[in-house]
Amino acid sequence: MSRTSDPFADADAVLEQASGIACNWVRRLAEQPVSKRLGPAEMAGLLAEPLPEHGSDASDVIQAWLDRAGDGIVASPGPRFFGFVNGGSTPAALAGDWLASAIDQNAGFWLSSPAAAQTELVVLDWLKSLFHLPADWHGAVTSGATMSNLVGLAAARQWVGSQLGFDPALDGLAGHPPIPVISSTEIHASARKALGTLGIGRASVQEVAAPGGAIDLDELRATLGRLDGPAIVVANAGEVNTGAFDALDNVAEICRAHKPGVWLHVDGAFGLFAAASPRFRPLVTGIELADSVAADGHKWLNVPYDSGFAFVRDVDMLRAAFNAIGPYIAPSADTGWDPASHVPEMSRRFRALPAWCALKAYGRDGYRDLVERCCANAGSFGDWVESTSGIELLAPVPLNIVCFRVVAPDLSEAELDELNAEVTAVIQRDGRAFVTGTSWRGQYAIRAAFDNWATTQADVEILQQAVLDARNRVLQETPRR
């Protein structure tokens, strides 16, 4: 650390070095291998060392890390990363993220950064407009859909408690009736994680069948009918394996018919972005009837990790869940909104700035085009899967996820599962493209998600060839009985 009279004397050189390295890496995203799939022992061998007794020149340490750890970097912002449901980072969003780090604002309270708090309010208004959500809803920028689910479900917990005569955030859940939660078998792990964190319990979910990925409405109605008190229903706007959507308008109608009351929470991690396109907006018909909605920003908004959004109809329930007052953070008459009243964190990174830059740079038209282009890429790949011998489509492609597997004659289901797991690993190590494996209807499946702003049809064709090459290689190299 600097001992000179000017503590920032070296900042220009260090930041210039870092900028050069970062720009070079981004410039090579379209050409470099997506992944080498290194294991824990390999990474430990590259990076493990004792804490240095003496420091190094700050201008050298970033390059030193990159030289050692570079083979373990996954080029997930690049155009040929089709794993999980990851977006990339548009230039405007990346620039905003760099500036957010440089100005280093605590976005928890108005007083700690009026610029951050007001920017977040603008971003939330812009997103509600983009998604056609009610303008009077409240919300916050979060670290991702996991935290967004927690925010929405925390408000839901408060509402159920208020119906039962207690305050969960104040009183806790001990000694009070369990809070029923109903969702489909396809509820995302992040929603279960949120339920566990909130004390409601991961095992509290009453699962309803979801043939084809969407919740069975008759079974949902019957399950709610067996309850004599208020409940939480978690619906999916984009099931993670296939992209299937629950019929949100019908789900909302069923919830409203339950007289003790239902809080409807929608996990729209990536599917909420269907609302940005007139072509795909019907998939989220009824989203405005929900009580809370969770979404990701580092998926289809294409901003850097980490970013998400939570929207809640009843701001009183949101504040009851998270507001915290202390003598040194008490608001005064001349300050504005404190974001910490809407989220678990009190100290927060200025995540709204990359989102503001992205939305300002590309606008409504830009995101409509992005969604439609990504869905066209998914449709193109899905059509190729259906028309290609040795590969089969496991589910329809309603939006941007293609769920498929490779097949071969005379193999048992267990052998096909093994084949597909090996093909997935080979694709990941190959470096031309990246996909992830999953389980769908009891079968090992491969899924490719299309939500990167830079992906072209040429990248889709590279993925196609990588899948074929991996299938052929595994079948040739692995003895089969």
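Its alpha carbons considered, the stretch 318-459 gives a radius of gyration followed by a Dmax of 22.8, 75 Å.
The spread of Cα positions in the stretch 274-379, taken along each principal axis and listed from longest to shortest, comes to 56, 29, 22 Å.
Between the residues 183, 98, 52, the greatest Cα displacement towards the positive end of the dipole of the chain, with unit charges on the Cβ of Lys, Arg, Asp and Glu, is found for 183. When each of the peptides 54-61, 260-267, 118-125, 146-153 is scored by the mean number of other C-beta atoms lying within 10 Å of its residues, the order from highest to lowest reads 146-153, 260-267, 118-125, 54-61. Simple rule: put +1 on each Lys or Arg Cβ and -1 on each Asp or Glu Cβ in the stretch 95-360, find the dipole, and look at 340, 134, 325; the Cα lying farthest toward the positive end is 340. With N the number of residues in the stretch 149-217, Rg(Cα) / (2.2 N^0.38 Å) evaluates to 1.16.
When the Cα positions of 294, 312, 355 are compared along the charge dipole of the stretch 248-375, 355 comes out farthest toward the positive end, with charges on each C-beta of Lys, Arg, Asp and Glu. Close amide H pairs (under 5 Å, H built 1.01 Å from N) link residue 235 with 265, 266, 267, residues at least 5 positions away or on another chain. Each residue of the stretch 329-338 was assigned a 3J(HN,Hα) from its phi angle through the Karplus expression (A = 6.51, B = -1.76, C = 1.60, θ = phi - 60°), giving 10, 5, x, 10, 5, 9, 10, x, 5, 9 Hz with x at Gly and Pro. Which lysines, if any, have their Cα less than 27 Å from the Cα of residue 299, not counting same-chain residues under 8 positions apart? Leaving aside lysines fewer than 8 places away in the same chain, those within reach of residue 299 are 36, 128, 193, 360.
For the stretch 386-481, a crude dipole built from +1 on the beta carbon of Lys and Arg and -1 on the beta carbon of Asp and Glu, taken about the Cα centre, is about 80 debye to the nearest 20. Using the Cβ of residue 362 as centre and a radius below 10 Å, the other residues enclosed give a net charge of +1, where K and R count +1 and D and E count -1. Ellipticity at 222 nm from helices only: DSSP H runs of n ≥ 4 in the chain, each -39500 (n - 2.57), divided by the residue count, give -13500 deg cm²/dmol. Under 17 Å from a label point set 7 Å out along the Cα-to-Cβ vector of residue 408, the amide N atoms of the stretch 429-445 belong to 444-445.
Which shape class applies to the stretch 1-86: rounded if a/c is under 1.5, otherwise prolate when a/b exceeds b/c and oblate if not, where a ≥ b ≥ c are the square roots of the Cα gyration tensor eigenvalues? Verdict is oblate for the stretch 1-86. Placing +1 on the Cβ of every Lys and Arg and -1 on the Cβ of every Asp and Glu, with nothing else charged, gives the chain a dipole about its Cα centre of roughly 480 debye.
For the pair the stretch 265-285 / the stretch 77-99, the C-alpha centres are spaced 21 Å from each other.
Working from Cα pairs under 8 Å separated by at least six residues, relative contact order for the chain is 22 percent. Packing order of peptides 196-204, 231-239, 443-451, 391-399, highest average first: 231-239, 443-451, 391-399, 196-204 (average count of other Cβ atoms within 10 Å over each peptide's residues). Using the Karplus relation 6.51 cos²θ - 1.76 cosθ + 1.60 with θ = phi - 60°, the per-residue 3J(HN,Hα) values for the stretch 108-125 come to x, 9, 4, 5, 6, 5, x, 5, 5, 5, 5, 4, 5, 4, 5, 4, 5, 5 Hz, with x marking Gly and Pro. Ordered by the number of other Cβ atoms lying within 10 Å of each residue's own Cβ, fewest first, 422, 461 fall into the sequence 461, 422. Based on alpha-carbon centroids, what's the gap between the stretch 325-360 and the stretch 369-398 in Å, whole number please? Taking the Cα centre of each part, the stretch 325-360 and the stretch 369-398 sit 41 Å apart.
Pairs of alpha carbons in the chain separated by more than 37 Å make up 34% of all such pairs. About the centre of its Cα atoms, the stretch 193-338 shows a dipole size close to 60 debye [charges on the beta carbon of Lys, Arg (+1) and Asp, Glu (-1) only; nearest 20 debye]. Among the trypsin sites (Lys or Arg not before Pro) found in the stretch 323-364, not one is both in a DSSP coil and sparsely packed, with 14 or fewer other Cβ atoms within 10 Å of its Cβ. An oblate overall shape is assigned to the stretch 95-360, the ratio a/c of its alpha-carbon gyration tensor axes (a ≥ b ≥ c) being 1.5 or greater and a/b not exceeding b/c.
Every number in this text was worked out from the coordinates using simple rules, so none of it is lab data. Values in this document were obtained by computation on a predicted structure and should not be read as measured data. Quick reminder, even Gly has a Cβ in these numbers, built from the backbone with ideal geometry, and neighbours come from all protein chains shown.
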